[in-house]
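Structure, as structure tokens:
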Amino acid sequence: MANPSPHLLLVATGGTIAGRASSAQDNLGYRAAELSAQDLVAAVPALASVPLRCLQLAQLDSKDMSHAVWQGLVRCLAAELARPDVSGVVITHGTDTLEETAFFLQRVLAPEKPVVLTAAMRPATSLQADGPQNLLDAVCVAQAAGARGVLVAFGGQVHAGDELRKVDAYRLQAFDSEPAGPLALVEEGRVLALRPWPQATGLGAALCERPLADWPRVGWITSHAGFDAALVDAAVAAGFDGLVLAGTGNGSLHADLEAAAVRALQAGLQLRLSTRCGSGRVVGPGGLVVPVSATHSPAQARVALLLDLLAQPARPQA
Ligand code: SIN
């Protein structure tokens with residue numbers, strides 16, 4: 001049998017990139033996740049000559065991203081990346097939880113081949129549609145010599161999957177990866193590397209094979225003026241396994257939250273501290289009750305804690 005010919009796999013999961021509105025001026029009242037993987041490819045004439053296989057893995061607004069879809073993605077990627085004829089993968093996704101999926105996939109798989117996520121801030125029907133260019137850029141990155149790991153191609157920049165942060169709710173330039181900044185730029189189809197591609201070892205796809213009903217329950221609570229500790233106590237009573245506490249400033253916690261955190265620790269929950277600030281991370285440890293998450297944002301810290309807990313035996317429920 002002839003060797004299968006090398007190609008890229010496009011995995012579509014929905015998002016605004018696959019969204020449609022009834023008018024080209026409408027960037028708000030659109031429905032996300034309507035166009036298929038094939039529709040997205042057809043909107044980019046330059047992709048006609050690229051060997052690309054399409055797979056519609058999900059069709060959702062990424063605000064509704066679930067651990068079930070993540071488990072499906074890990075299974076799909078582990079199988080596809082092991083194929084010698086698959087040279088890389090492009091994933092289309094919504095922007096709203098892109099940073100969580102990218103972080104999760106990089107920590108679990110840290111693949112040697114490129115897995116490039118992309119998205120759009122405007123629906124496909126918009127006068128300002130950014131999806132087609134972002135998709136083309138993602139394909140260029142997936143074809144770039146030496147590219148590896150989970151990457152995000154967006155707005156002409158390439159970010160490391162585990163450093164990404166959504167920093168703007170509306171504008172087209174919605175992502176950054178401060179403090180390190182982009183790994184590369186994409187300019188007119190050329191990928192200009194600024195930093196080395198990620199070199200890491202993944203936790204392994206087997207970690208995600210635990211039945212979903214037994215995945216740790218990990219939430220995230222933000223410290224704020226007038227904090228009501230009942231929120232933390234309710235999470236303990238509901239059987240949560242872990243909580244990320246997004247502190248004020250450099251991770252300081254309202255006194256009532258700190259007292260509730262001590263109760264949660266005594267009840268066996270694992271806690272991690274992050275900051276509610278829009279950028280930067282907690283510079284610790286500084287005598288805090290709760291261990292500082294080395295990751296930047298509360299969203300990343302929640303995924304990191306989920307993975308820490310998945311790697312441990314399940315906690316017996318009271
Ligand atoms: C989504 O995250 O699926 C909708 C919003 C977006 O993609 O910008």
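The values are calculated or read from the model by the stated rules, or taken from the named source; none is laboratory data. No experiment lies behind these values; they were computed from the predicted model shown. All Cβ positions, even for glycine, are placed from backbone atoms using ideal geometry, and neighbour counts span all protein chains on display. Each accessible area value is taken on the protein alone, full model and side chains, heavy atoms only, with ligands, DNA and RNA left out. Shrake-Rupley method; radii C 1.70, N 1.55, O 1.52, S 1.80 Å.
Under a plain spin-label model, where a point goes 7 Å from the Cα along Cα-to-Cβ, how far apart in nm are Leu265 and Glu112?
That separation, rounded to one decimal, is 4.2 nm.
Once every DSSP H run of n ≥ 4 in the chain is given -39500 (n - 2.57) and the sum is divided by its residues, what mean residue ellipticity at 222 nm do you get, rounded to the nearest 500 deg cm²/dmol?
-7500 deg cm²/dmol
Taking the Cβ of Pro132 as the centre, find all other residues whose Cβ is under 12 Å away and add up their charges (Lys, Arg: +1; Asp, Glu: -1).
Working: positive: Arg122; negative: Asp39, Asp130, Asp137.
Summing Lys and Arg as +1 and Asp and Glu as -1 gives -2.
What is the stretch 93-157's relative contact order, in percent, from Cα pairs under 8 angstrom and six or more apart in sequence?
39 percent
At 0.36 nm per residue, and after removing the present C-alpha to C-alpha distance, how many nm does the segment from Arg195 to Ala213 gain when stretched out fully?
Values: separation 18, 0.36 × 18 = 6.48 nm, distance 3.98 nm.
Gain in length upon complete extension: 2.5 nm.
What is the sum of charges around Ala234, taking Lys and Arg as +1, Asp and Glu as -1, for the other residues whose C-beta is under 13 Å from the C-beta of Ala234?
After counting each charged neighbour, the total is 0.
Among DSSP bridges having both ends in the stretch 7-193, what percentage is antiparallel? Round to the nearest 5.
Once the DSSP bridges in the stretch 7-193 are tallied, antiparallel ones form about 40 percent.
Determine Rg/Rh for the chain; Rg is computed over alpha-carbon atoms and Rh is the Kirkwood hydrodynamic estimate from the same atoms.
Here Rg/Rh amounts to 0.99.
Quick one: net charge of Thr201's neighbours, Cβ under 13 Å, K/R +1, D/E -1?
Net local charge, Thr201 excluded: 0.
Going through the stretch 253-285, which trypsin sites (Lys or Arg not before Pro) have at most 16 other Cβ atoms within 10 Å and a DSSP loop state?
The qualifying sites are Arg276.
How large a share of the accessible area of the stretch 152-304, in percent, is made up of carbon and sulfur atoms when the probe is 1.4 Å and the other protein chains stay in place?
56 percent
Accessible area per residue for the stretch 214-310 in Å², computed with a 1.4 Å probe and the full protein assembly in place, what is it? All intermediate terms of the calculation are to be shown ahead of the outcome.
On the way: 3950 Å² over 97 residues.
Value returned for the stretch 214-310: 41 Å² of accessible area per residue.
Tell me, what is the per residue accessible area of the stretch 7-193 in Å², probe radius 1.4 Å?
Values: 7110 Å² over 187 residues.
Each residue of the stretch 7-193 exposes 38 Å² on average to a 1.4 Å probe.
As an exercise, use a Förster radius of 35 Å and the Cβ-Cβ distance of Gln173 and Ala68 to find the FRET efficiency, rounded to the nearest 0.05.
About 0.65, to the nearest 0.05.
To check my understanding: the extent here is largest minus smallest coordinate of the Cα atoms along each principal axis. What are those three numbers for the stretch 7-193, in Å, largest first?
43, 34, 34
Sort the following peptides by mean Cβ neighbour count (other Cβ atoms within 10 Å, averaged over residues), highest first: 187-197, 241-251.
Values: 187-197: 12.3, 241-251: 22.2.
The peptides rank, most packed first, as 241-251, 187-197.
Given the options Leu55, Gln143, Val69, identify the residue whose Cα lies farthest towards the positive end of the charge dipole of the stretch 7-193 (+1 on Cβ of Lys, Arg; -1 on Cβ of Asp, Glu).
Leu55
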